Amino acid sequence: MTNPVLAEGLGPFALPDFAAITDADFGPAFETALTEARAKIAAIAENPQPPSFANTIEALEMAEALLDRVAGIFYNLSGADSTPAREALMRDLAPKMAGFASEVTMNRPLFARIETLWAARGDLDLSPEQARVLELYHKMFVRSGAALAGADAARMTEIKERLAVLSTAFSQNLLADERDWFRPLTEDELEGLPEFVVAAAKAAGAERGQAGPVLTLNRSLIVPFLQFSPRRDLRETAYEAWVARGANGGATDNRLIAAEILNLREERAKLLGYDSFAAYKLDPEMAKTPETVRDLLMRVWTPAKAAAEADAAKLTAMMHDDGLNGDLEAWDWRYYSEKRRVAEHDFDEAALKPYLSLNAMLAAMFDTANRLFGLDFRPIEGPFYHPDVRGWEVSRKGRHIAVFLGDYFARPSKRSGAWCSAMRSQKKLGGETRPIVVNVCNFAKGDPCLLSYDDARTLFHEFGHALHQMLSDVTYQFVSGTSVARDFVELPSQLYEHWLEVPEVLERHARHWQTGEAMPKALRDKLLAAATYDQGFLTVEFVASALVDLAFHEGAAPADPMALQAQVLAEIGMPKAIRMRHATPHFGHVFSGDGYSAGYYSYMWSEVMDADAFAAFEETGDAFDPATAERLERCILSVGGSVPADAAWLAFRGKTPGVEALLKGRGLLEA
Ligand SMILES: [Zn+2]
């Protein structure tokens, strides 16, 4: 019998045969698919015919088709519905898949064919998408070191291996420092804490074998403690322990590790011909150069700092009213800010939720996509991979566009967070393939399921990624859907969140799940006004971290990263009562791996664009303006990575994004 993971899908949409697939099928399916991919790649590399786009690049695209199918099913299931067997297979697969990827990029005859094509690119009569795909393949090989030879190639391998060891050590030290520190809380010390914080402290105590509640350094416990505890001495102790993670001396200290990582990154970038690691890292991104990133960050920094300083003065006055003299400190900010929030913006979450049922918000999300892009959503029957999963056929004027799966409820087998993935990506090579797109969230299951406003934003955010996959219209999977630059990928998702803020959308869809009544206008206004609260603080702590990240990777690696961190903060005039969101010894985004190194800025970069993109709709006076929606789809959502991000943006907006829309969205303009 055929392995059901390898089989063609079932029914009109060729869905995987979930009912037939068992955990035991995945291991053999991966073996078969990897063997097939290796054989096909070897055949490409050894092809006696001279290289052509078809026999090399298109053949490479097809070589991993089966592996893509198997991985598409397995990695969705292992994240959304894990089992011990799936976890064991994950551990087993990680080195195998990494080994396979490096085998491909280090395949010299294969790289030689790509080099030949690249050199002759002007004479190959390629379509713009083909030229872009060739460029991206060439870049991927070169950036992984395929063009190096001899001692340089050997050194590159050594550097990669050492960096992998160091980044793992960095994360493990951080985890150890977070795990080891706790402080028992007496009955008096619980005073002022809301019930949910007390419950979390008790649960943390039980986990650590303590008789009573304890405070830990887990963000979900320490942040509310700093917000609510009136005990300034305890806030200080807790805050100092929290920011000392990774810098406590001894075996778990991360400071020397950070220095070594920065050194090796610089050496790696230089081996590849770049001036600095930041130059190497930013080359494929939309921002392109460290100067552009710094310029953006500084344009946001100045008004954010002004707003934070104005807020600091208000919070200091509140502290003085409490009979405390002296300066506002970092452990005071969240406490006084919470008091101020209650005074200025308080509304009852419990009163809000009945208007935000999951079904109502799904209807809002689909209706928005219908008004913008003419998409229709029709529920379809499973079975899907879990009984909680719901499915819809997405079509436009009767034409099939995609299958969309929504997997919304938390369960122990699901990892935390929310994400979007394509179980099958859109492409046309080898026949039109329409995507299967999955949104996974962790909402508390209820009957009915009632969301918080944050949950509703998450729902819209992930659906923005889903639209990027579903509206994709390219030939090559390599550039399909969300396969775009890191500093561009959050644009469609963050942009989609804006439609939840359109009063008309809440008016139409945020209806009481029992009575069908619309949300009272006063509640809606309070909800929308609270969105810009404390943005001075949040922007300052973020931008400071992003500027330090950038400074670390520009120019020569610092001998003492802590000294450089201090220097950067002094230069920008960091407000006294705010610290970096992530200081160096616990800056996991930058040191636990390569993902966001010289890339922490990208969250804000995307936000600049989503704010400016939504402004394009607002400027027409219609949040659903058909011409702007058509341009968004044509220039950005349908092209994936087949067009460079900056060109796609320019085609949509006609000018580079300014920071004004972001500052307005964060309420920082008046500052
Ligand atoms: Zn996202």
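The values are calculated or read from the model by the stated rules, or taken from the named source; none is laboratory data. Note that the structure is predicted; figures quoted are calculated from it, not measured. Methodologically, a virtual Cβ is constructed for each residue, glycine included, from the backbone with ideal geometry; neighbour enumeration extends over all protein chains shown. In case anyone asks, the SASA skips ligands and DNA or RNA and just uses the protein heavy atoms, side chains included. Shrake-Rupley method; radii C 1.70, N 1.55, O 1.52, S 1.80 Å.
Here are a few things to note about the model shown:
- Crossing angle, helix 255-271 versus the chain [Cα axis fit, 0-90 degrees, rounded to tens]: 30
- Gained length - ALA164 relative to LEU124, 0.36 nm times residue gap less alpha-carbon distance: 10.5 nm
- Cα centroid separation, region 73-88 to region 381-399: 21 Å.
- Mean residue ellipticity (222 nm) of the chain, computed from DSSP H runs ≥ 4 via -39,500 (n - 2.57), nearest 500: -17500 deg cm²/dmol
- Relative to the longest principal axis of the Cα atoms of the chain, helix 602-618 runs at roughly 90 degrees.
- Within the shell defined by Cβ-Cβ distances under 10 Å, the residues around LEU77 carry a net charge of -1, with Lys and Arg each +1 and Asp and Glu each -1.
- Net charge contributed by nearby residues that have their C-beta within less than 12 Å of ARG294 (K/R +1, D/E -1): -4
- SER416 accessible area, 1.4 Å probe, all protein chains in place, Å² to nearest 10: 100
- Whole-Å distance, taken between Cα centres, linking region 262-336 and region 481-510: 25
- Loop trypsin sites (Lys or Arg not before Pro), region 397-488, which have at most 10 other Cβ atoms in a 10 Å radius of their Cβ (DSSP): LYS397
- For the chain, the longest principal axis of the Cα atoms and the long axis of helix 195-207 meet at an angle of about 70 degrees.
- Our note on the geometry: Cα centres of region 182-225 and region 349-366, 32 Å apart.
- Pairwise Cα inverse-distance average, inverted: Kirkwood Rh of region 182-253 (Å): 12.5
- Ranking THR584, THR475 by solvent-accessible area of protein heavy atoms (1.4 Å probe, all protein chains present), from largest to smallest, gives THR475, THR584.
- Positive-end residue, the chain charge dipole about Cα centroid, Cβ charges, pick of PRO383, PHE347, LEU234: PRO383
- Within region 553-606, trypsin sites (Lys or Arg not before Pro) in DSSP loop having at most 14 other beta-carbon neighbours inside 10 Å: LYS576
- The portion of the accessible surface of the chain made up by carbon and sulfur, rounded to a whole percent, is 54 (1.4 Å probe; DNA, RNA and ligands excluded).
- Checking the cross-link pairs LYS160/LYS445; LYS96/LYS281; LYS445/LYS576; LYS96/LYS202 against a 32 Å limit on the alpha carbon distance flags LYS160/LYS445; LYS445/LYS576; LYS96/LYS202 as lying beyond it.
- The residues neighbouring LEU569, those whose beta-carbon lies less than 13 Å from its own, together hold a net charge of +1 under the Lys/Arg +1, Asp/Glu -1 convention.
- Per residue, the accessible area of the chain comes to 42 Å², computed with a 1.4 Å probe over protein heavy atoms only.
- Here the Karplus curve 6.51 cos²θ - 1.76 cosθ + 1.60, taken at θ = phi - 60°, turns the phi angles of region 132-141 into couplings of 5, 5, 4, 4, 5, 4, 4, 4, 4, 5 Hz, with x standing for Gly and Pro.
- Overall dimensions of the chain, expressed as equivalent-ellipsoid semi-axes from the Cα gyration tensor (√(5λ), whole Å, largest first), are 41, 32, 27.
- Region 614-671: trypsin sites (Lys or Arg not before Pro) in DSSP coil with no more than 13 other Cβ atoms inside 10 Å: LYS655
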